Amino acid sequence: MTPQRIGKYQVERELGRGGMATVYAAVDPVIRRPVAIKVVRRAELESPQATRTLNRFKREAQAAGALNHPNIVSIYEYGEDDEYAWIVMERVDGGSLRDQLIGGWRPEPDSLPAVLSQLLEALEYSHANGVVHRDIKPANVLVSSTGAAKISDFGIARIDRSSFTQVGDVLGTPYYMAPEQFNGEPATERTDIYAAAVVIYEVLAGRRPFTGLGMHLMRQILEEEAPPIASIDPRLPAALEAVLAKALAKRPQDRYQSAGEFLADLKRAYESGAAADAAPRQAAVPGSRLAGNIGALRRAVRAKSAAAPEAGAAAAAAGPGAASGKSTAAPAPRVRRPAVLCVDDEERVLNALALVLRETFEVETLASGALALERIRARRFHVIISDQRMPGMTGVEFLREAKTVAPSTVRILLTGYSDLSAIVGSVNEGEVFRFLNKPWQTEDLRATVNEAADVAIAIEAATAGARPVARTDASVLVFGDPAVGRAAREMARGGHRVMDAPHLDDTLRLLSADEGGVLVFDLDSQGGDDPAALLKVLKKQSPSTQLLVISEASDAELIISLINEARIHKFLKKPVNYSLLHQSVNEAMDRYARMRQSPELARTQAARAGRETAAARAILSKLKALGGRFAAAFRGESRGGR
């Protein structure tokens, strides 16, 4: 049974349960700070071991409480009463590294994951302060919503070389235990280095170095060498093999003598791998879609600024020979890379973003929305990536202002939580292009930013000498609640046609026959179980059509999927504010007209190709049967194959 209160703390729910303790989410009622409380119930302790268990528990508070590092879970308080003993600590919203591995996470092979660097940095600090953890494993490495690694559970730590356990005691988790722990020898800093090496091997290779059970596992750890990591994943840097072999050495004296040395060699291994791969990687870039768009961007920029200051700069760069008429080799034109601004109040997140993106983009980083607004007034950025939770100005507030200051910039929101009001605000007010979750997958991050840069480049090319937006005769199609259709028709006042489609088949028939500029889609009336797939099919077949979704749904993940996958323009919560509906329809019609004037810009709005669900296949089948304005697309499919 979950207690309502532990000490002064109000308990909210259970977070997890271990061998001797339960962890609860709670709140400090005085300062309203969310905390985690690790609790031992005295009545559940076996009396012969009770004193020893409580000593170990208090030792955890003493060990971690003496440490102050961003990658170690902070300890706030230790307390006891007649019923409980407890440790109050920092609550880390996220999960453990073990949770991520079980969920199938694998980092990209070409860079050292930030969580592993942070793990070793935390161990370097802990060891420098006399604390050996002795139970490093993925379950004890928490990963916050911002992607920061934090070591937890110092329950069997040894402090200042005092020994609370006798020689011969075996404490730890077998897969991550060093040979000396199986032999009952004293644990040292090198013991933690061994365990960290097992964790690093598991993260990079997707499996532990030793996988036996019972006595077989013990024999492997004591006698056998770990399989070379390159034999499991040949994409990893070859230099990793020697680094991990040293960290996993059987004898402590043969291992790295500090976590800092281990980390330095890991970084060098990745740097050597990057150098070896540089030529093929650079050769691949010019053939990419992004490289082609960069060429289009450069042509548009030249067209816009025939007498630009860049011309003077180029003449100056050519040197005095150019001014005197002497023949000089023309300098190679510098490829202008898309500019990306990353905004987050956590330095580690900014460093991680820059590391992933700087090979392809010009990357700048700033720690607050206020500073970023000043910067975007001074420089043109193609893409802005903003954290949501920032002090002073939230990500939604910043992106709303950024839309006003730099409307052609493509905006991405980085978030580690699912707050529906923030999500809806970001798409409706800041017109967020995509959401990225923390911790992100590197490949997803790169693909999303590449796609955002494509859109920004298309916008820039389309607006170079842009003509006034031509009036469109396209209609607004309202699927679902008839009252919404009536309201849209009355407020249009003849400015555009509004048609009702009470059933899904009516919607598809009208879209096939009519140039639908805006589709207002009642998510609660669609009658199927896969609205994201349905809207994605429509957006793929007609990328210029703008989608407005209305619903009483409070599922933040569903809304994110509609924004990310179906490219919805706005989301309106029920009951519908008709004034907001009218404004959103007018904005969407204007956006549709711009898309029709710029086919390249329209193509950037097409939904991503992905797995077709049964609902999507049914919609495609109906559209094929209806033909109409979608017929050409299906003829193209039959010629080119699916």
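Are there GluC sites (Glu not before Pro) in the range 1-94 that DSSP marks as loop and that have at most 15 other Cβ atoms within 10 Å, and which are they?
E46, E83
What's the ranking of 233-240, 351-358, 559-566 by average number of surrounding C-beta atoms within 10 Å, highest first?
For the peptides 233-240, 351-358, 559-566, the packing ranking is 559-566, 351-358, 233-240.
List residues of the range 1-34, by number, whose backbone nitrogen lies under 17 Å from a label position 7 Å along Cα→C-beta of A50.
Residues passing the 17 Å test: 20-21.
Whose amide H sits under 5 Å from the amide H of Y76, counting only residues 5 or more places off or on another chain, with H placed in the peptide plane?
Those qualifying (amide H under 5 Å, at least 5 residues apart or on another chain) are V88, M89, E90.
Whole-Hz ³J(HN,Hα) for each residue in the range 378-394, computed from phi via Karplus 6.51 cos²θ - 1.76 cosθ + 1.60 with θ = phi - 60°, x for glycine and proline: what do you get?
9, 9, 7, 10, 7, 10, 10, 10, 10, 5, 7, 8, 9, x, x, 9, 5
For a quick check: with amide H placed at 1.01 Å from N, whose amide H comes under 5 Å from I6's, ignoring anything fewer than 5 positions away on the same chain?
Residues meeting the criterion, in which the H sits 1.01 Å from N, are V11.
Hey, can you grab everything whose amide H is under 5 Å from the amide H of L15? Only 5+ residues off in sequence or another chain; H modelled, so Pro and N-termini drop out.
Amide H neighbours of L15: V23, Y24, A25.
Taking θ as phi - 60°, what are the ³J(HN,Hα) couplings along the range 364-375 by the Karplus curve (6.51, -1.76, 1.60), each to the nearest whole Hz, with x for Gly and Pro?
Karplus-based 3J(HN,Hα) across the range 364-375 equals 10, 10, 9, 9, 8, x, 4, 5, 5, 4, 4, 5 Hz.
Using 0.36 nm times the number of residues separating R32 and A128, minus their current alpha carbon distance, what extension gain do you get?
Working it through step by step, the gained length comes to 31.2 nm.
Going down the list K539/K570; K536/K624; K150/K246; K246/K267; K38/K58, which pairs span over 19 Å between their C-alpha atoms?
Over 19 Å Cα-Cα: K150/K246.
Using the Karplus curve 6.51 cos²θ - 1.76 cosθ + 1.60 with θ = phi - 60°, work out ³J(HN,Hα) for each residue of the range 111-116 in order, rounded to whole Hz, and write x for Gly and Pro.
Per-residue couplings from phi come out as 8, 6, x, 4, 5, 6 Hz.
Between K622 and M215, what is 0.36 nm times their sequence separation minus the Cα-Cα distance? Round to one decimal in nm.
140.3 nm
Laboratory data are not the source of any read-out in this text; all were calculated from the coordinates shown. None of these values were measured; they are calculated from a predicted model. Cβ atoms come from the backbone with ideal geometry, glycine included; neighbour counts cover every protein chain shown.
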